[in-house]
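The structure under discussion appears below in the form of structure tokens.
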Amino acid sequence: MRIRGKLLAAGTAVATMGLAGISGGLPATASSHREAPLISQDPVADNTDVYMFRDPVDPTKVDIIANFIGLEQPASGPNFVRFGDDVLYEIHVDNDGDVQSDITYQFRFRTTVRNPNTFLYNTQQMTTPGDADRNVVQTYSVRQVNENGSSTMLVTDALTPPENVGPRSVPLDYEASLAQPSIANLAGGGKVFAGARKDAFYVDLGSVFDLLGVRPAPFNELHAIDLPAEPARDGLAGKNVHTISLQLPIASVTKNGNVPTVVDAKDSVIGVYASTSRQKVRVLSPAGAPPRTAGKWVQVSRLGIPLVNEVLIPLGLKDKWNATDPADDAQFFGNILDPEPAKLISALYDEAYVDKATKVPPGGATNRPDLLKLLTGQLIGLSAANALPPADLLRLNLAVAADTVGNMNAATGRLGALDGDAKGFPNGRRLRDDVVDIELRVLSGLLLGPPYADGANPLLGDAVNASDRPYLSVFPYQATPISGFDQNDQADPLAP
Amino acid sequence: MHSRRRLAIVAGLAMLAVAPGCSRGDGGGGAVSAATSPFVAVDPASTSPTDQAIAKAQDRLRLDGSDSARLALAQAFLQKVRETGDPSFYTRVDALLTETARDREDDPLVLVAQGALALARHQFADALELGRKATAAAPGNVSALAVVVDALNELGRYDEALDATQAMADARPNLASLARVSYARELRGDLPGAVGAMTQAVTAGAGSGENVAYVQVQLGNLLLTSGDVAGAEASYAAAEESFPGFPLAKAGRARALVARDEPGAAADLLAEVVQVLPTAEHVIAQGDALAAAGRPREATEAYALVDAIAKLYRANGVNVDLELALFTADHKPGGAAVKQARQAAEQRRSVAGHDALAWSLFTAGKPAEAWPEAERALRLGTRDPQIRFHAASIALARGQRTVAARHMAVVLETNPRFSAVLTPDVTRLAGRLDLTVPPPLQ
């Protein structure tokens, strides 16, 4: 949740809006000097969310989902956004608790324009993923790289589905005719899907990012800055995203090559993060030869737990954070374990969220053992003796039973562990887990017990409690992307 | 028609200069003078994201008076100048950042914003210091490195700039750093390499609106200088698609029209640009195109705006000596022009600074003094056709026919129609060197 999560840290949120979004560069004035943007948005390499859960249909499988390119408007033709051909997308798995990648899945994309003489995405109706009337075709490969450096190609020339342009371009059911046939099998078992989906995430972007406000009662009245109450709005409603979704045999990702059964055991837990990289560039070539892009890759983005990068790492340090690996996270613990948003919650909700006796917010590097537990796996079934090194990895205890497919869109249980449900966040992350509410409550000190667990803190949330589109009951689980034709710019945002 | 338009622009400039924004509400306090007030009227019906950002930041500033609101407003104002060319916002930005820095002097975000303001005002030594402070406060921060790179380039400290550019590219190969890699190569005359890196910048910036439009225009400029007019036009068109109404893309199309020997059409396009972005650069280009199209009266009107614009920029703290030096050297050659250029070149020992000084000395009738400056402008091997034309003119005036022919050959290979108004001079000089300007593409 990079794009929106950044703004959760509302103290720096406005700065993000300005620097990364609106004022992307320097003023262009009467001048001879170059004014390339100082900071550039990087949507194609921007990892927005990572999800991981045991497969609700096949108990021997685990699903890992990494989303990119946030806030896509469905009607963005003719040049629909796609994965970057210049970007290396990776999903890293640590299966022995040493915070190093034991298995890395690498995704490379290649775009072919079949007819460069048309600007159109398609020239006739598209009824199959490889339809000859599809003009812009993006294919990809998946390679597995192991810790010892050996690697295996799991699939080549897999097709991304065509964009869901509209009913004239896509006459048949999009999911059945174009999306499902694009799912590719991987060597060694498992499946992969890469393409557009309706974004599974949901949050009141406009209000939460506006100094952590909540539109409806009772929290609206508790905010330090008064605004009239109104219904919450899902900022991701109607928005698509690009996903790389993997469904893998559990036995292929665990250290011991089996399906774990003991909950309090290090080897039952895998830790995952996604990253993007671009190739290193030499400004000038050494001996006057033409400058070339070197073979090495430079990491430009990474994401694990839906909280750490966006909310806890200060803007000034984000470039450094994104260039490092979870194994290097110790240098950022000062920021992670003394979270600025916690102070902000205290400042903005003065009466509601501080320790009323001492007026002290739940901050300080030494007094957030709850967050340390989140980073070490102690909140997902590991005892202190078996705790893993703290790091920004989304961790899943595979000895915990899978959720059922019937629960995919359940109205209850959105709060995962806070609801006492070990199948949800922070034990992995299901699509429906309401990580915004969970994180707001955890940051306000809920897990620290009284006095933070009293009063309004256990009820804190943005009042958006589900996605606007139901998740699918089959892989890749995120909903069918909204078609460009169906984008509704006229919709009244206040409509219920 | 054109006179009326000109009057409108003059009136607009005057308003910008004297009455910079009626304040909306009194949240800034009654004592704040109009020129530094953070509160400007915003049309509530505006759909521009920048206007909305300004209104939102102002609302927040009224509510909580926070530093983060000030920083956000400063950034929105900087973007506003980018879109309108109205430099009165610089004074407001300065006041906002000075206030913000009082309690957050080591905050890298504040330092980067201050660095951006210093760059925009062409105060490059200050920008360098701010950029260095920002990189110290936030190691690996790419935008802080960008401030350092830009300042070093403009100061002519190219070796250091090269190292900083490599550090930036190593930290994050994104649009911002790849565009600067391209510029480093362009400065050194490596046009294919510059095109390659700028193409990478466009790819890396996919989907990011104005940012990607900016580098698409830069790519168009590089293609134009590479002799690929059609490719340049395609890139300008792509920029307009990325960010509809982008004035810099229109200005690019005008350059391509000049290269096609269609100055009349270019002038009409530049008239549209100037309506949105009345900067000296665009007004001069418009005047040049009008003059070349045989519309001298309108050209004079356009040129007459240059002084007013320059005054406005200076009044808001922008150093425009170098930007005006070439214009002055062409239109009012002589001692004063040389003095202005020398002053500019002393502050900015860049390729552009030395070129401006060389040309002002040449047009003042001092080719012998001009030549060492021309050599300094060429020290990195730039293939910029204007700089090469200047060098060729000076060399021939000194009787160095072979040297002149060598530089003139580069002009003909790149873009001999780099300036609407200089094309006859280019043709004449080529003729004296027994070279021929190729016909324009149709």
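Being in a helix (DSSP H, G or I), over 18 Å from B:PHE124 (Cα atoms) and of a type outside the set (Val, Ile, Thr) is the filter here; which residues of segment B:327-354 pass it?
B:PHE327, B:ALA329, B:ASP330, B:HIS331, B:GLY335, B:ALA336, B:ALA337, B:LYS339
Kindly indicate whether any position in segment B:211-220 is more than 22 Å from the chain's Cα centre (by Cα) and within 7 Å of chain A (Cβ to nearest Cβ).
No, segment B:211-220 contains no residue that is more than 22 Å from the chain's Cα centre (by Cα) and within 7 Å of chain A (Cβ to nearest Cβ).
Among the residues of segment A:166-176, is there at least one that is part of a strand (DSSP E or B) and of a type in the set (Ser, Thr, Tyr)?
Within segment A:166-176 (the criterion being part of a strand (DSSP E or B) and of a type in the set (Ser, Thr, Tyr)), the answer is no, since none of the residues qualifies.
Kindly list, by first and then second residue, each pair from a residue in segment A:36-47 that is among the hydroxyl-bearing types (Ser, Thr, Tyr) to a residue that is surrounded by 24 or more Cβ atoms within 10 Å (Cβ to Cβ) and assigned to a loop (DSSP other than H, G, I, E, B), limited to pairs with Cβ atoms under 7 Å and residues at least 6 apart or on different chains.
A:SER40/A:GLY24; A:SER40/B:ASN174; A:SER40/B:GLY205; A:SER40/B:SER208
Looking at segment B:242-256, can you tell me whether even one residue there is closer than 30 Å to A:GLN299 by Cβ, facing chain A (nearest Cβ under 7 Å) and surrounded by fewer than 23 Cβ atoms within 10 Å (Cβ to Cβ)?
So far as segment B:242-256 goes, no, none of its residues is closer than 30 Å to A:GLN299 by Cβ, facing chain A (nearest Cβ under 7 Å) and surrounded by fewer than 23 Cβ atoms within 10 Å (Cβ to Cβ).
Would you be able to say whether some residue in segment B:78-90 is more than 10 Å from every other protein chain (Cβ to nearest Cβ) and in a loop (DSSP other than H, G, I, E, B)?
No, the conditions are met nowhere in segment B:78-90.
Select, from A:PRO341, A:PRO362, the only residue that is buried (at least 20 other Cβ atoms within 10 Å of the Cβ), modelled with pLDDT under 80 and not in a loop (DSSP other than H, G, I, E, B).
A:PRO341
Can B:SER177 be described as under 21 Å from A:GLY295 (Cα atoms) and either more than 10 Å from chain A (Cβ to nearest Cβ) or crowded, with 24+ Cβ neighbours inside 10 Å (or both)?
When the stated conditions are applied, B:SER177 passes them.
Can you confirm whether B:ASP67 is farther than 14 Å from B:ALA116 by Cβ, at the interface with chain A (Cβ under 10 Å from one of its Cβ atoms), touching a helix residue (DSSP H, G or I) at 6+ places or on another chain (Cβ under 8 Å) and not hydroxyl-bearing (Ser, Thr, Tyr)?
Yes: the conditions hold for B:ASP67.
Here are some conditions: (1) facing chain A (nearest Cβ under 9 Å); (2) touching a residue at least 40 places away in the same chain (Cβ under 8 Å). B:ALA95 meets all but one. Which one does it not meet?
It fails just one condition, (1).
This table checks each residue for (1) within 20 Å of B:GLN58 (Cβ to Cβ); (2) charged (D, E, K, R).
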position: B:GLN75; (1), (2): yes, no
position: B:PHE89; (1), (2): yes, no
position: B:LEU109; (1), (2): yes, no
position: B:GLY115; (1), (2): no, no
position: B:PHE124; (1), (2): no, no
position: B:LYS133; (1), (2): no, yes
position: B:ASN141; (1), (2): no, no
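For segment A:208-257, give me each residue that is surrounded by 15 or more Cβ atoms within 10 Å (Cβ to Cβ) and among the polar types (S, T, N, Q).
Once the filter is applied, which keeps residues that are surrounded by 15 or more Cβ atoms within 10 Å (Cβ to Cβ) and among the polar types (S, T, N, Q), segment A:208-257 yields A:ASN220, A:ASN240, A:THR243, A:SER245, A:GLN247, A:SER252, A:THR254.
Out of all the residues in segment B:110-123, which are hydrophobic (A, V, I, L, M, F, W, C), facing chain A (nearest Cβ under 8 Å) and farther than 28 Å from A:THR324 by Cα?
Hits for segment B:110-123 are B:LEU119, B:ALA120.
Here's a check for you: in segment A:289-317, which residue that is of a type in the set (Gly, Ala, Ser) and at pLDDT below 85 is nearest to the chain's Cα centre (by Cα)?
Of everything passing the filter in segment A:289-317, A:GLY295 is nearest to the chain's Cα centre (by Cα).
Collect the residues in segment B:200-210 that are at the interface with chain A (Cβ under 7 Å from one of its Cβ atoms) and at pLDDT below 85, keeping them in residue-number order.
B:ALA206, B:GLY207, B:SER208, B:GLU210, listed by residue number.
Give segment B:148-174 a look and list any residue that's part of a helix (DSSP H, G or I) and more than 8 Å from every other protein chain (Cβ to nearest Cβ), or say none.
Correct list: B:VAL148, B:VAL149, B:ALA151, B:LEU152, B:TYR158, B:ASP159, B:GLU160, B:ALA161, B:ASP163, B:ALA164, B:ALA167, B:MET168.
Given (1) touching a residue at least 24 places away in the same chain (Cβ under 8 Å); (2) buried (at least 16 other Cβ atoms within 10 Å of the Cβ), where does B:GLN400 come up short, assuming only one miss?
Going through the list (1) touching a residue at least 24 places away in the same chain (Cβ under 8 Å); (2) buried (at least 16 other Cβ atoms within 10 Å of the Cβ), B:GLN400 breaks only (1).
How about segment B:35-53: which of its residues are of a type in the set (A, V, I, L, M, F, W, C) and within 9 Å of chain A (Cβ to nearest Cβ)?
If the condition is that a residue be of a type in the set (A, V, I, L, M, F, W, C) and within 9 Å of chain A (Cβ to nearest Cβ), then B:ALA53 is the only one that fits.
Does at least one position in segment B:127-143 carry a residue that is of a type outside the set (A, V, I, L, M, F, W, C), in contact (Cβ under 8 Å) with a residue 60 or more places away in the chain, facing chain A (nearest Cβ under 9 Å) and crowded, with 19+ Cβ neighbours inside 10 Å?
No: zero hits.
B:GLU301 - would you say it is more than 19 Å from the chain's Cα centre (by Cα), away from every other protein chain (no Cβ under 13 Å) and crowded, with 17+ Cβ neighbours inside 10 Å?
Here the answer is yes, as B:GLU301 does meet what is asked.
Conditions tested, residue by residue: (1) touching a residue at least 40 places away in the same chain (Cβ under 8 Å); (2) within 23 Å of B:VAL426 (Cβ to Cβ).
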{"residue": "B:SER242", "(1), (2)": "no, no"}
{"residue": "B:ALA256", "(1), (2)": "no, yes"}
{"residue": "B:VAL273", "(1), (2)": "no, no"}
{"residue": "B:ILE284", "(1), (2)": "yes, yes"}
{"residue": "B:ALA289", "(1), (2)": "yes, yes"}
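The values are calculated or read from the model by the stated rules, or taken from the named source; none is laboratory data. As the structure is a prediction and not an experimental result, all values here were calculated from the model. When we count neighbours, we look across all protein chains shown, and the Cβ atoms used for this are built from the backbone with ideal geometry, even at glycine.
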